[in-house]
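Here it is, the structure in full.
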Amino acid sequence: MTLLRKLAGETAFYGFSYILSRVLHYILLTWYLTNRVFEPTEFGIYRDLYFWVAVLVVILTFRMETTYFRYAKEDRPAVTTMSLAFLLTTAVIFLLSLWIFRYDVANALDYPKLTKHIMMLGVVLAFDVLSAVPFASLRQQNRPLLFLSLKVGSILLNIGLVLFFIEWLPLLGGKSEVWSLKLNADKLFYVILANLLASAITLLFLLPLLRNQPFRWDFSFLKRMLHYSWPLVIVGFAGVINQYSSIAFQKYLLEDDLTSNLAEGGKYAAAASIAIILSLFTTAYNYAAEPFFFAHKEKQEARAVYADAALAYTIIASLMMLIILAYLDVFQLLIGKNFRDTLEVVPILLVSFIFLGIYYNVSAWYKLADKTIWGAFIACIGMIITVVLSYLLIKTLGPVGSAWTALGCYVFMVVTAYLLGQKFYPIPYKIWRMLGWIVVAIMIYFVMEWLRGFYEGQLAVIIVVNTILIFIYIIIVFLTEKHLVRQIRGKIDNTEIVS
C-alpha cells in the first residue's frame, strides 16, 4: 500500500467521522437555528459567543493533542499522564476565574444580561478541554470506529437535546413554563444547556477508555512538552482569530448600532456556514494528516508523499468548491430566508478555505522539524494582517470585507510558510500545478456565471449545465494527473510500495 493511499484512507475514515459530525451540527443545527429559533441579531450573538469559546479552547488545551502525536511513540504513559494533569489544572483555574469575574466578562462582551449563558459556556469549555487527550489517544491508536461513534453520538445528542428543550419541553406546559421563568431561560440558554449536557455525557464515555492506560509522572517530560507546544498555542490562537473573528470585528466596525451590526454579522455567519462545508473537508484532512505526517516522517519517500498529498488536497478541494458554487441555489436552502443577503461572500470564502488547507500542508515542516516557533511567527503576522484588513475593509466594504480579509491572510500565510519550509525542511511541493487547478476551477465558475445569464430563472437547466462543467473538470483531472490517481489507488507502475 502506498503512503498516499494510506493517507487517503485515513482521511476518508477520520474525515468521514469529522465531516458527518460537523455536517450534522453545522447543517442541521444551522438550518434549524436560522429557520425556527433565532432572528439575525440573536444568531449573531450566538456565533459571537462561540467565537470566544473557540479562542479559549485553543488556549486552555495548550495544543496538547498535537503534542500527544509528537511524543506518544516516545513515552505514551508519560504523555498521557502529564497532559491530563496539565489540562485538568487549567480547566479548574479557568472555571474559578470565570466564576469570580463573570459579571466583568459579561459587561466586557456587551452582554450584561447573559451572565448565566457565559458561565454555562465556561463549563462546556472545561468538558471539551478534558476530552482533548482521550480523543487524541483514539486517533493516535488508530481506533476510528470508536472515534466516529463518540463524535457523531455527541452531535446527535446535542441536536436531540436542543429539540427537546425548544420544541418538546414547551408542549409539557405548566411546570416547564415555571421552570423556564425560574431559570430566566431563553432559547439561547437552552441551546447552550444542550451543548453542556452533550459535552458532559461525551466526557463520561471517554474517561473509562483511559482505565487500562498506563500512567507515569514525569515533570521533566512535561517541561519538554510545554516547550514544544507553547508556540502552537500562538498558532492556534491566531488561527481562530483569522478564521472565526468576523462577527467580533463586524460587531464594532460596521457603521450601525450594536443590534444592527450583530444582525449583519448573523447573516454573514449564516452565509459563511455554506462555505464551511469546504472548511469541514479541510479540517478533516488535517485530522488525518497531522498524525500521519508524524508517523511516517522517517520513511525515505515521505517528503515526496507530502508533496503529492498537497496536490491531491488542492484538486479535491477545488472540485468541492465548484460543486458548492454550482449548486448554490440548493445549498442556500440550508439557511433561513432572512439570512441570504450576503451569499456574495461564499465564493471568496471558498477560495480562502482552499488556501487554508494548502497552508496546513506547506506548514507541516515546522512541526516535523521541531521548529514550532516559526509557526507562531507566521500565525502572528497573519493575525496582524487579519486585524488591519478587517479594520480597513469592513469599514469600506461592509461584511464582505471579512471574506476578502480571510483570503488575503491565508494567501500570505501560504507563501510565507512555503518559502521558510524550503529553507528548513525542503519538500518538493508542486506549487504551480496546485495553483493551476485553483485557477481552472475559478475559470469554470466564471463560465457557470456567464451561462447563468442565458438561463436566469430556469433552475433545472442551470443545474444540468453546471453539472456538465463539473464533469469536464473531473475529466481534465483524470487525463492530466494519471500518476497521482494511480498512487491513490495504490499502484505505481504496476508495483506495490509497502508502507
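Computed from the coordinates by the stated procedures, all read-outs in this text should not be read as laboratory data. Predicted model, so just to flag it, every value in this text is computed and none were measured. Methodologically, a virtual Cβ is constructed for each residue, glycine included, from the backbone with ideal geometry; neighbour enumeration extends over all protein chains shown.
Quick one: compute the contact order of region 278-419, relative version, from alpha carbon pairs under 8 angstrom and 6+ residues apart, as a percent. Write down the numbers at each step before the final one.
Working: 116 pairs, mean separation 42.2, N = 142.
Over region 278-419, the number comes to 30 percent.
What is the magnitude of the charge dipole of the chain about its Cα centre, with +1 placed on the Cβ of each Lys and Arg, -1 on the Cβ of each Asp and Glu, and no other charges, expressed in debye to the nearest 20?
Roughly 1360 debye for the chain.
Which of the trypsin sites (Lys or Arg not before Pro) found in region 202-283 are loop residues per DSSP with 12 or fewer other Cβ atoms within 10 Å of their Cβ?
Those that pass, being in a loop and sparsely packed, are ARG211.
Ignoring everything except DSSP H segments at least 4 long, calculate the 222 nm mean residue ellipticity for the chain; use -39,500 (n - 2.57) per segment, divide by total residues, nearest 500.
Result for the chain, helices only: -27000 deg cm²/dmol.
Using alpha carbons only, what's the Rg to Rh ratio of region 38-244 with Rh from Kirkwood? Can you show the working numbers first?
Details: Rg = 18.6 Å, Rh = 18.6 Å.
My calculation of the ratio gives 1.00.
From Cα pairs below 8 angstrom and at least 6 apart in sequence, can you work out the relative contact order of the chain, rounded to a whole percent? List each step's numbers first, then the result.
On the way: 613 pairs, mean separation 121.5, N = 499.
Over the chain, the number comes to 24 percent.
If you scale each eigenvalue of the Cα gyration tensor by 5 and take the root, what three semi-axes come out for the chain, rounded to whole angstrom and sorted largest first?
Semi-axes, largest first: 34, 31, 22 Å.
Now a separate question. Which one, GLY398, ALA271, PHE454, projects farthest toward the positive side of the charge dipole computed for the chain from Cβ point charges (K/R +1, D/E -1)?
Sorting the options by dipole projection puts first ALA271.
On to the next question. Output ³J(HN,Hα) for region 348-362: one whole-Hz value per residue in order, computed from phi by the Karplus curve 6.51 cos²θ - 1.76 cosθ + 1.60 with θ = phi - 60°, and x for Gly and Pro.
5, 5, 4, 5, 5, 5, 4, 5, 4, x, 4, 4, 4, 6, 7
Further question on the same structure: Which of the peptides 117-129, 146-158, 274-286, 101-113 is most tightly packed, and how do the rest follow, judged by the mean count of other Cβ atoms within 10 Å per residue? Write out the running numbers ahead of the final one.
Numbers: 117-129: 20.5, 146-158: 18.8, 274-286: 22.8, 101-113: 13.2.
Peptide ranking by packing, descending: 274-286, 117-129, 146-158, 101-113.
Between their Cα atoms, which of LYS337/LYS395; LYS151/LYS430; LYS367/LYS430; LYS116/LYS267; LYS113/LYS267; LYS113/LYS395 are more than 32 Å away from each other?
On the way: LYS337/LYS395 26 Å; LYS151/LYS430 34 Å; LYS367/LYS430 21 Å; LYS116/LYS267 25 Å; LYS113/LYS267 23 Å; LYS113/LYS395 28 Å.
Cα-Cα > 32 Å for LYS151/LYS430; rest within.
Determine the relative contact order of region 38-244: mean sequence separation of Cα pairs under 8 Å and six or more apart, normalised by residue count, in whole percent.
Result for region 38-244 is 38 percent.
What are the residues whose amide H is under 5 Å from the amide H of SER245, where those residues sit 5 or more places off or on another chain and H is modelled from the backbone?
none
Mind checking the dipole of region 214-370: about its Cα centre, +1 per Lys or Arg Cβ, -1 per Asp or Glu Cβ, Debye to the nearest 20?
560 debye
For region 376-418 and region 311-341, what is the centre-to-centre distance using only Cα atoms, to the nearest Å?
If we compute the Cα centre of each part, the gap is 22 Å.
Could you sort 30-41, 415-426 so that the peptide with the highest average Cβ count within 10 Å comes first and the rest follow in order?
Descending packing order for the listed peptides: 30-41, 415-426.
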